[in-house]
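Enquirer: Starting off with a structure, shown below.
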Amino acid sequence: MKINVQISDEVAKAAPGLKVIVVEACVRNYATSDSLWAEIDAAARTLRDGMPMDGINKRPAIAATRAAYKALGKEPNRYRPSAEALCRRCVKGLELYRSLAVIDLINLLSIVTGHSIGGFDLDRIEGRDLILGVGREGEPYEAIGRGQLNIACLPVFRDAAGGVGTPTSDNDRTKLSPDTVRLLMTINMYGPSEMGETDMVELAVRLLREYAGACEIEFNTVTPAVRGE
């Protein structure tokens, strides 16, 4: 692993059950294929047919992320975790945005698991340390497609240059693009999951290999008690 992920004591106190699965891989970020889009469409349809709108925020992974927001002082109904926002869109029957393979396979993982997942261009990360802390009042953060986002009291991953990812939105500075060749992915498990950790990793690896030509895949699980190497 090239990146050392750490969890601050402040976040650990708010989310003692937190695990972060850290994945690094060499990828080719193609336009999303029809076969990947078919998997996404099937997952969205399954969610829409099987879950009422008021059940989304009760999914274990989403409920745990929301609980962490509340413990840190953030209102999750105003700043929804990305997985919750994505699942709400599915249940409403709204069309999902078709983008690039790595972005869309991350969205597929979020739909299936309920976890908010960070996806970063590893070559745009500054330094070797990624620390999960808490956003500060007035801290600048350019969210992808949203402009300046108020990240005060949100869990936020920071590299040497500042914030790169929150469960609500990742930062424009380190976003995935067609030029991305090295991926850093964080599967942020703030609590219980509907899918076992091994199955989740196997699914992520399959999707990366099948749809993004991934190789040199490495993964590691970081908890508040066990730091990344």
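Enquirer: From the list Gly133, Gly147, Gly119, exactly one residue is free of Cβ contacts under 8 Å to residues at least 40 places away in the same chain and more than 14 Å from Pro81 (Cβ to Cβ). Which is it? If you could, list the steps in order and put the result at the bottom.
Expert: Values: Gly133 fails: free of Cβ contacts under 8 Å to residues at least 40 places away in the same chain; Gly119 fails: free of Cβ contacts under 8 Å to residues at least 40 places away in the same chain.
When all the criteria are applied, what remains is Gly147.
Residue-by-condition table, conditions (1) under 17 Å from Ser110 (Cβ atoms); (2) of a type in the set (Lys, Arg); (3) in a loop (DSSP other than H, G, I, E, B); (4) within 18 Å of the chain's Cα centre (by Cα):
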| site | (1), (2), (3), (4) |
| --- | --- |
| Ile21 | yes, no, no, yes |
| Ala43 | yes, no, no, yes |
| Thr46 | yes, no, no, no |
| Gly55 | yes, no, no, no |
| Ala61 | yes, no, no, yes |
| Thr65 | yes, no, no, yes |
| Tyr69 | yes, no, no, yes |
| Pro76 | yes, no, yes, yes |
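Enquirer: Next question, about the same structure. Go through (1) modelled with pLDDT of 95 or more; (2) surrounded by fewer than 19 Cβ atoms within 10 Å (Cβ to Cβ); (3) in contact with a Cys (Cβ under 9 Å, 6 or more places away or on another chain); (4) over 26 Å from Gln6 (Cβ atoms) one by one and return the number of the condition Leu96 breaks.
Expert: The single condition Leu96 does not satisfy is (1).
Enquirer: Please specify each residue of the stretch 176-209 satisfying the condition of being out of contact with any helix residue (DSSP H, G or I) (no Cβ under 8 Å at 6 or more places or on another chain) and either free of Cβ contacts under 8 Å to residues at least 40 places away in the same chain or open to solvent by less than 80 Å² (accessible area, probe 1.4 Å) (or both). Before the answer, list the steps.
Expert: Taking the stretch 176-209 as the starting set, the residues that turn out to be out of contact with any helix residue (DSSP H, G or I) (no Cβ under 8 Å at 6 or more places or on another chain) are 177-179, 186, 196-199, 201-202, 205-206, 209.
Passing the criteria: Ser177, Thr186, Gly196, Glu197, Thr198, Asp199, Val201, Glu202, Val205, Arg206, Arg209.
Enquirer: Right, something else. What are the residues in the stretch 23-41 that are in a helix (DSSP H, G or I) and under 18 Å from Met200 (Cα atoms), if any?
Expert: First pass over the stretch 23-41, keeping only residues in a helix (DSSP H, G or I): 34-41.
Result: Leu36, Glu39, Ile40.
Enquirer: May I pose another question? Out of all the residues in the stretch 134-150, which are open to solvent by less than 20 Å² (accessible area, probe 1.4 Å) and in contact with a strand residue (DSSP E or B) (Cβ under 6 Å, 6 or more places away or on another chain)?
Expert: Residues satisfying the conditions are Gly135, Tyr141, Leu149.
Enquirer: Which of the residues that make up the stretch 24-52 are in contact with a Leu (Cβ under 9 Å, 6 or more places away or on another chain), surrounded by 13 or more Cβ atoms within 10 Å (Cβ to Cβ) and either at pLDDT below 95 or more than 16 Å from Leu86 (Cβ to Cβ) (or both)?
Expert: Passing the criteria: Glu24, Ala25, Cys26, Val27, Asn29, Tyr30.
The values are calculated or read from the model by the stated rules, or taken from the named source; none is laboratory data. Computed from a predicted structure; not experimentally measured. Cβ: placed from backbone, ideal geometry, glycine included. Neighbour counts: every protein chain shown. Accessible surface areas use protein heavy atoms only, side chains included; no ligands, DNA or RNA. Shrake-Rupley method; radii C 1.70, N 1.55, O 1.52, S 1.80 Å.
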